[in-house]
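Here is the structure we will look at.
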Amino acid sequence: MTPVILLAAERESAEVTDWAARVGWVVGLALFVALVYWLMREGWKWRGTLQGDLPELPTAPDDPGPAKLSLSGRYHGSTTAGQWLDRIVAHGLGTRSRVELTLTDVGLDVVRPGATDFFVPVAALREARLDKGIAGKVLTEGGLLVVTWAHGDRLIDSGFRSDHAAEHNEWVDVINSMIKATTTEGAER
């Protein structure tokens, strides 16, 4: 026989894949991925435990009055003010969700379907600005409405993105004018 015929015969009799080894690798990889997800979940719960001193979130009053502004969009999370990566997860503030914001004379009502709703009284509002990122979410420059508010002894930044980004500037102007009016009233007393 010629060497070419021998090579062809060897190719025909190649070994079949070792299925036991392949299944072992797949199971091992699946267990590793499950371990990583479990560790991430435990880290999230641990962060919530560390932030356990955060008081309960206020709820909206029964009659908040007429709406000055309303917005629908996304809630991207809350962080310690000035530290855009220090996510606050206590009381559900770390959960990203859809959001319906309503600004009235008494405060900012944050309604989140599938997550915890909360209310920010006008006296707790500190600042509104446009920014590009919060809690690990980075958008284009000015693509995020960030509202700074006081809760307990902490200042919190909460990030929102409207379905219509052109609304952000009006929200910043109105919230900051409400804050200025509130602090001016307080100074006159």
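The values are calculated or read from the model by the stated rules, or taken from the named source; none is laboratory data. All figures in this text were calculated on a predicted structure; none of them were measured in a lab. Cβ sites come from the backbone with ideal geometry, for glycine too, and all protein chains shown count toward neighbours. Ligands, DNA and RNA are stripped out before the accessible areas are found, and what is left, the full protein with its side chains, is counted by its heavy atoms. Shrake-Rupley method; radii C 1.70, N 1.55, O 1.52, S 1.80 Å.
Using protein chains only and a probe of 1.4 angstrom, how many square angstrom of residue 164 are accessible, to the nearest 10?
About 120 Å², rounded to the nearest 10.
Could you compute how much accessible surface residue 37 exposes when probed at 1.4 Å, giving the result in Å² to the nearest 10?
140 Å²
Taking a 1.4 Å probe, which of 31, 54 shows the most accessible area, and what order do the others take after it?
Heavy-atom accessible area, descending, gives 31, 54.
Rounded to the nearest 10 Å², what accessible area does residue 96 show when all protein chains are kept and the probe is 1.4 Å?
100 Å²
Going Cα to Cα from residue 45, which lysines come in below 30 Å? Please leave out same-chain ones fewer than 8 positions away.
Result set, ordered by chain and number: 132, 137.
Over the Cα atoms of the range 63-115, how large are the radius of gyration and the largest Cα-Cα distance (Dmax), in Å?
My reading of the Cα-based Rg and Dmax gives 12.4, 35 Å.
Apply 1/(1 + (r/R0)^6) to the Cβ-Cβ distance of residue 95 and residue 62, taking R0 = 22 Å, and write down the FRET efficiency to the nearest 0.05.
Rounded to the nearest 0.05, the efficiency is 0.30.
With n ≥ 4 as the cut-off for DSSP H runs, can you work out [θ] at 222 nm for the chain, using -39500 (n - 2.57) per run divided by the number of residues, rounded to the nearest 500?
Calculated mean residue ellipticity at 222 nm is -11500 deg cm²/dmol.
What number, in percent, do you get for the relative contact order of the chain if the mean sequence gap of Cα pairs under 8 Å and at least 6 apart is divided by its residue count?
On the way: 300 pairs, mean separation 35.1, N = 189.
Reported relative contact order: 19 percent.
Using the Kirkwood radius built from alpha carbon pairs, what does the Stokes-Einstein equation give as D for the chain at 4 °C and 1.567 mPa s, in µm² per second?
In µm²/s, the coefficient rounds to 65.
What's the magnitude of the charge dipole for the range 39-171 around its Cα centre, counting Lys and Arg as +1 and Asp and Glu as -1 at the beta-carbon? Answer in Debye, nearest 20.
Working: 15 positive and 18 negative charges, 129 e Å.
Computed about the Cα centre, the dipole is about 620 debye.
Of 49, 29, 99, which is farthest towards the positive pole of the chain's charge dipole, taken about the Cα centre with +1 and -1 on the beta-carbons of Lys, Arg and Asp, Glu respectively?
Toward the positive end, the furthest listed residue is 29.
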